[in-house]
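Step one of this worksheet: look at the structure below.
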Amino acid sequence: RVSILPVLTLDGIITYDLIPGPVTSARFVQFLRELIPLTNPYPGPRSILVMDNCSIHHSEEVRKLVEDEA
């Protein structure tokens, strides 16, 4: 099994990662760290991060990373 973490924009996929097996919270945080340099301050393009209700999206580390660095 392989999991994919894509980053979708109005212009299409800008980056993705293929991960053998399931995506863990630690791997998701690592992916976010790689993604943040591709973002911009609000209200610029690529300034809004949308995540669904997946449990790995709800860790304290994810919240802190997004609030502090993005």
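Accessible surface area normalised per residue over the chain is 76 Å², counting heavy atoms of protein chains with a 1.4 Å rolling probe.
Residue-wise HN-Hα couplings along the range 34-47, as the Karplus relation 6.51 cos²θ - 1.76 cosθ + 1.60 with θ = phi - 60° gives them from phi, are 6, 7, 3, x, 8, 9, 10, x, 5, x, x, x, 6, 10 Hz; Gly and Pro carry x. Treating each Cα of the chain as one equal point scatterer and applying the Debye formula with no solvent, the log10 of I(q)/I(0) at q = 0.11, 0.15, 0.16, 0.21 Å⁻¹ comes out as -0.26, -0.50, -0.57, -0.99.
For Tyr16, put the label point 7 Å out on the Cα→Cβ axis and report which residues of the range 35-70 keep their amide N under 17 Å from it. Under 17 Å, as judged by backbone N against the label point of Tyr16, lie 35 of the range 35-70.
Amide H to amide H distances under 5 Å link Ser3 with Ile19, Gly21, where only residues 5 or more positions off or on other chains count and H is placed in the peptide plane.
The values are calculated or read from the model by the stated rules, or taken from the named source; none is laboratory data. Since we're looking at a predicted model, the values are computed, not measured. Glycine also receives a Cβ, built like all others from the backbone with ideal geometry; neighbour counts cover every protein chain displayed. When the accessible area is computed, the model is the full protein with side chains, heavy atoms only, and any ligands, DNA or RNA have been set aside. Shrake-Rupley method; radii C 1.70, N 1.55, O 1.52, S 1.80 Å.
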